[in-house]
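Trainee: Would you mind keeping the following structure in view while I ask a few things?
The values are calculated or read from the model by the stated rules, or taken from the named source; none is laboratory data. Computed from a prediction, not measured in an experiment: that's the story for all the values here. Here the Cβ positions follow ideal geometry from the backbone for every residue, glycine too, while neighbour counts run over all protein chains shown. Note: areas computed on protein heavy atoms with side chains; ligands, DNA, RNA excluded. Shrake-Rupley method; radii C 1.70, N 1.55, O 1.52, S 1.80 Å.
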Amino acid sequence: MRTELAETLLQLFDGLDAPPHSGLVVTELEVDMPLEVSAATRGDELVLLAQAPHSRWEAGFLPPVQRLHLKLGLEE
């Protein structure tokens, strides 16, 4: 089952959070990673789907991979 892009990004950001009680606060992050991206429809709505690639090994039958480069930061 494919995962919606929004859910994939939320899972990624949850994994990058500072450990509890560490005293660290994440104020900026930059992510550069491969994703398998596709689109689908849900009723009349277009939905973007994305997930980490199946394998790091290249094979002729795997879906194409896109590069995600995302930079997020807090602003005052």
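Residue-wise test of (1) modelled with pLDDT under 85; (2) farther than 20 Å from Gly73 by Cβ; (3) of a type in the set (D, E, K, R); (4) not in a strand (DSSP E or B).
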{"position": "Met1", "(1), (2), (3), (4)": "yes, yes, no, yes"}
{"position": "Ala6", "(1), (2), (3), (4)": "no, no, no, yes"}
{"position": "Pro20", "(1), (2), (3), (4)": "no, yes, no, yes"}
{"position": "Asp32", "(1), (2), (3), (4)": "no, no, yes, no"}
{"position": "Leu35", "(1), (2), (3), (4)": "no, yes, no, no"}
{"position": "Ala39", "(1), (2), (3), (4)": "no, yes, no, no"}
{"position": "Leu46", "(1), (2), (3), (4)": "no, yes, no, no"}
{"position": "Leu49", "(1), (2), (3), (4)": "no, yes, no, no"}
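Trainee: Being acidic (Asp, Glu), modelled with pLDDT under 90 and loosely packed, with under 10 Cβ neighbours inside 10 Å: is that true of Glu76 here?
Mentor: It is true that Glu76 is acidic (Asp, Glu), modelled with pLDDT under 90 and loosely packed, with under 10 Cβ neighbours inside 10 Å.
Trainee: OK, next. Could you please give the count of residues in the range 22-37 that are open to solvent by 50 Å² or more (accessible area, probe 1.4 Å) and among the aliphatic types (A, V, I, L, M)?
Mentor: Here the count works out to 4.
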